[in-house]
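Chemist: Sharing a structure below in structure tokens format, with a few things to ask.
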Amino acid sequence: MFRLYQGRLQSFAMRTGSAYRALWLLVAVLLVSCDKTADEPASPVVNAPPISAEQQRLEDFFAATWEADLARYPASASYLGIKDQQDQWNDVSESFQLESLELTRQRLAFLEGIDTTQLSPARQLSYRLYRLDLERTLAGAAFRHHRYVIHQFRGPHTSPISLLVNVHTIDSEQDAEDYIARLNNLPDYFDGVIEQIQIRMDKGLYLVDWMIPQIVESAGNVLVGAPFDQSDSPSVIWADFNDKLAALKVEPAIADQLQEAARQALLTAVKPAYERLMAAVQSQQAAAPREDGVWRFPDGDAFYANRLRDFTTTNLTPEAIHQAGLANVERLHQEMRAVMAELGEEGELSAFLDQVRNDESLRYDNTEVGRLAYLDAARTAIDRMAERLPDYFGLLPQSDLIVKRVEAYREQSAGKAFYQSPPPDGSRPGIYYANLYDMNSMPTTDLEALAFHEGLPGHHLQLSIAAELGDVPDFQRYTRFTAFSEGWGLYSEYLAKEMGFYQDPYSNFGRLAMELWRAARLVVDTGLHHKQWTREQAVAYLVANTPNAEYDCQRAIERYIAMPGQATAYMIGKLRIVELREMAQEALGEQFNIRAFHDTVLGSGAVPLDQLEANVQGLIQRTLASR
């Protein structure tokens, strides 16, 4: 196996204490797609020893700051099923962000006064994770305006609709009134977004020129349909509110009042807010550059280095990541040639990649019938996987999982697939979203691997288990380290082969194609943002080296441009998980237990990669000591 790591990896902290922990990111939104103690699942302790006064002080701090963050980020709290302020949105104004940074400094100062020798091993881990979270925020503070506040892949033009449709349930008349209040409060939220857009423009931190029409189109889709126009079809928000209101079954007179209030909110608050947001985005069209990479920004190289540290939790340089990508692309090409031989295919791999890319028999029809068939097949794959999980995992999620198509209003700009976490109370299921806008980009070869990555044993298993962890501080259930969560998702695709899936050689080829896609990301992300590749160069590299449709390659490159560094986390995290598993197998021999390994990986929630190594080393030492 190609060895990416030399020596121990150094981790860096997460984004601020607040928004990121509470939402997805997402919980996510997310991903990204867990049960008992902070270090490793163990038998329940009947008579736990009393904790020290210093640990109690830290526990109180964790609880107080968690509650404070939920109050400061009401939209994020909604994703966790909390309805206390569900008429509000998160504040993204500059004054609020500066206040958040000051809170981060104050919290770090408090932690520096904690005597960690008085903490249990589990709380020492919690302490390290919380501190890393704060330190990463401060490390990235100088670059916070370098990050796009809105881009074509996702942003405030689509996220409010996703929250309303998928998160804001209406189980009471008060819920309906809060939904309407949220509509009326949208202008205040957008004012903060527009302020952030202007700050970036003043600093010369513009969107790329081609992003702007895509953002405006997606935002405009929200205003299509009644009551925004004379169409017989309802807009996405109007349809959602009316469907939820109808299910509530309140008195007709009350329903009429609520419906009229929602209609007025859409016309007097939502529509003008969206029009102002679109105008603010369009205002930079004349000045927007054609260059795609963040190297074009002031201090762009330093910003990109910060993004790589943030997403990978390593100190790997852009050049090292680029070379790792090239090496893994070659490794996977070799494995693909072996599958070609199994299929009886001869000739060059490049020709076979073209054949798979253009083979209509490997796609469902680009019709509603074909889309429904794809969703059914994905559900079947996940159901089959669920039956096998107990053989490989001791920790299993309690939350339900559903498979949905990405909604029409955002499918043209959204990613190929993604996951949205359930709240901890299980009141909503986890959601695996499949983007079926272009069925040519969703071949049947990739179907199993994609479902396993986003669903089981991927993001749904990992994030649900983290949310269901027992004796850990609340923040630890929702802390996100992208290399861990996305590395786990890619490892899940790999693991499924051992579990007996991908029996069809074409499906196994699809698994390799999915891993190849992540290896190629290392090449193109660093190519765009470090080596100054153009979007066209990056697209051409993916088309030449993967079997993915050209449209798929274009959308992917546009995503990597909008989210610099994020795409590198998948392969880097997966390689490290595999290396740690090999290390445990070599050290333990016949004592190695795959269920214990997986439960150790997942049993502390998301952690940086060096902490993951420490957790696995702990498993090895405990197992050897038990001989």
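Chemist: So, in region 228-283, exactly how many residues are part of a helix (DSSP H, G or I) and of a type in the set (S, T, N, Q)? Break it down stepwise before answering.
Modeler: In the first step, residues of region 228-283 are kept if they are part of a helix (DSSP H, G or I); the result is 236-248, 252-282.
Next, only the ones that are of a type in the set (S, T, N, Q) stay: 242, 257, 259, 264, 268, 282.
So the count comes out to 6.
Chemist: Ala417: within 20 Å of the chain's Cα centre (by Cα) and among the small types (Gly, Ala, Ser), yes or no?
Modeler: Yes, satisfied.
Chemist: How about region 477-534: which of its residues are closer than 17 Å to Thr312 by Cα and assigned to a loop (DSSP other than H, G, I, E, B)?
Modeler: Thr479, Arg480, Phe481, His530
Chemist: Going through region 594-609 one residue at a time, which ones are within 17 Å of Gly489 (Cβ to Cβ) and either β-branched (Val, Ile, Thr) or in contact with a Ser or Thr (Cβ under 8 Å, 6 or more places away or on another chain) (or both)?
Modeler: Listed by number, the residues that qualify are Val601, Gly605, Ala606, Val607, Pro608, Leu609.
Chemist: Can you tell me how many residues in region 83-126 are among the β-branched types (Val, Ile, Thr), under 30 Å from Asn166 (Cβ atoms) and exposed (fewer than 13 other Cβ atoms within 10 Å of the Cβ)? First the steps, then the outcome.
Modeler: Here is the first cut: in region 83-126, the ones among the β-branched types (Val, Ile, Thr) are 92, 104, 114, 116-117.
If we keep only those that are under 30 Å from Asn166 (Cβ atoms) too, we end up with 92, 104.
Next, from what is left, pick out any that are exposed (fewer than 13 other Cβ atoms within 10 Å of the Cβ): none.
Selection size over region 83-126: 0.
Chemist: Oh, and also: Yes or no: region 236-253 includes at least one residue that is loosely packed, with under 14 Cβ neighbours inside 10 Å, on the phi < 0 side of the Ramachandran plot and in contact with a Phe, Trp or Tyr (Cβ under 9 Å, 6 or more places away or on another chain). Spell out the reasoning first.
Modeler: So the first thing to find is which residues in region 236-253 are loosely packed, with under 14 Cβ neighbours inside 10 Å, and the list is 243, 246-247, 249, 251-253.
When the remaining residues are screened for being on the phi < 0 side of the Ramachandran plot, the result is 243, 246-247, 251-253.
The next check asks that each one be in contact with a Phe, Trp or Tyr (Cβ under 9 Å, 6 or more places away or on another chain); those that pass are none.
So far as region 236-253 goes, no, none of its residues is loosely packed, with under 14 Cβ neighbours inside 10 Å, on the phi < 0 side of the Ramachandran plot and in contact with a Phe, Trp or Tyr (Cβ under 9 Å, 6 or more places away or on another chain).
Chemist: Separate question: Could you list, in sequence order, the residues of region 163-187 that are over 22 Å from Lys249 (Cβ atoms) and either outside the structural domain of Ala279 (by TED's automatic domain parsing) or over 27 Å from the mean Cα position of the chain (by Cα) (or both)?
Modeler: Across region 163-187, the qualifying residue is only Asn184.
Chemist: Within region 214-235, does at least one residue satisfy the condition of being of a type in the set (A, V, I, L, M, F, W, C), more than 28 Å from Ala286 (Cα to Cα) and modelled with pLDDT of 95 or more?
Modeler: yes
Chemist: If you don't mind, another one. Limited to region 302-321, what total is found for residues that are basic (Lys, Arg) and either crowded, with 24+ Cβ neighbours inside 10 Å or out of contact with any Gly (no Cβ under 7 Å at 6 or more places or on another chain) (or both)?
Modeler: 1
Here's the yes/no breakdown for (1) surrounded by fewer than 20 Cβ atoms within 10 Å (Cβ to Cβ); (2) within 19 Å of the chain's Cα centre (by Cα); (3) more than 20 Å from Ala351 (Cα to Cα):
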site: Phe475; (1), (2), (3): no, yes, yes
site: Ala513; (1), (2), (3): no, no, no
site: Ala540; (1), (2), (3): yes, no, no
site: Ile557; (1), (2), (3): no, yes, yes
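Chemist: Just to be sure, is Leu316 in a helix (DSSP H, G or I) and either more than 30 Å from Thr482 (Cα to Cα) or modelled with pLDDT of 95 or more (or both)?
Modeler: No: the conditions fail for Leu316.
Chemist: Run Pro429 past the list (1) over 30 Å from Val167 (Cβ atoms); (2) surrounded by fewer than 19 Cβ atoms within 10 Å (Cβ to Cβ) and report the number of the one that doesn't hold.
Modeler: (1)
Chemist: Could I ask something else about it? Could you say which residue among Gly415, Gly470, Gly426 is assigned to a loop (DSSP other than H, G, I, E, B) and at positive phi?
Modeler: Details: Gly415 fails: at positive phi; Gly470 fails: at positive phi.
Answer to the selection: Gly426.
Chemist: Is it true that some residue in region 579-597 is closer than 23 Å to Gln334 by Cβ and within 23 Å of the chain's Cα centre (by Cα)?
Modeler: no
Chemist: If you don't mind, there's one more thing I want to ask. Suppose we filter Ile180, Ile150, Ile170, Ile194 for residues that are closer than 23 Å to Ala265 by Cα and outside any helix (DSSP H, G or I); which single one remains? Explain how you work it out, then say what you get.
Modeler: On the way: Ile180 fails: outside any helix (DSSP H, G or I); Ile150 fails: closer than 23 Å to Ala265 by Cα; Ile194 fails: outside any helix (DSSP H, G or I).
That would be Ile170, the only listed residue that is closer than 23 Å to Ala265 by Cα and outside any helix (DSSP H, G or I).
Chemist: Something else about it: Mind listing just one residue for me: the one in region 389-406 that is in contact with a Ser or Thr (Cβ under 8 Å, 6 or more places away or on another chain) and surrounded by fewer than 22 Cβ atoms within 10 Å (Cβ to Cβ) and, of those, nearest to Val222 (Cα to Cα)?
Modeler: Out of the qualifying residues, it is Ser399.
Chemist: When you look at Tyr374, is it of a type in the set (Phe, Trp, Tyr) and within 19 Å of Pro443 (Cα to Cα), yes or no?
Modeler: When the stated conditions are applied, Tyr374 passes them.
Chemist: What are the pairs with Cβ atoms under 7 angstrom where one residue, in region 230-256, is of a type in the set (Lys, Arg) and the other, located anywhere, is modelled with pLDDT of 95 or more? Sequence gap at least six, or different chains.
Modeler: Matching pairs, first to second residue: Lys244/Ile170.
Chemist: Restricting attention to region 429-467, which residues are outside any loop (DSSP other than H, G, I, E, B) and of a type in the set (A, V, I, L, M)? Steps first, please.
Modeler: Applying the first criterion (outside any loop (DSSP other than H, G, I, E, B)) to region 429-467 yields 430-434, 439-441, 444-454, 459-467.
Across region 429-467, the qualifying residues are Ile431, Ala434, Met439, Leu447, Ala449, Leu450, Ala451, Leu461, Leu463, Ile465, Ala466, Ala467.
Chemist: Would you mind telling me which numbered condition in (1) surrounded by 16 or more Cβ atoms within 10 Å (Cβ to Cβ); (2) not in a loop (DSSP other than H, G, I, E, B) Tyr206 fails?
Modeler: (2)
The values are calculated or read from the model by the stated rules, or taken from the named source; none is laboratory data. Remember, it's a predicted structure, so these values are computed and weren't measured experimentally. Positions of Cβ are backbone-derived with ideal geometry, glycine not excepted, and every protein chain shown enters the neighbour counts.
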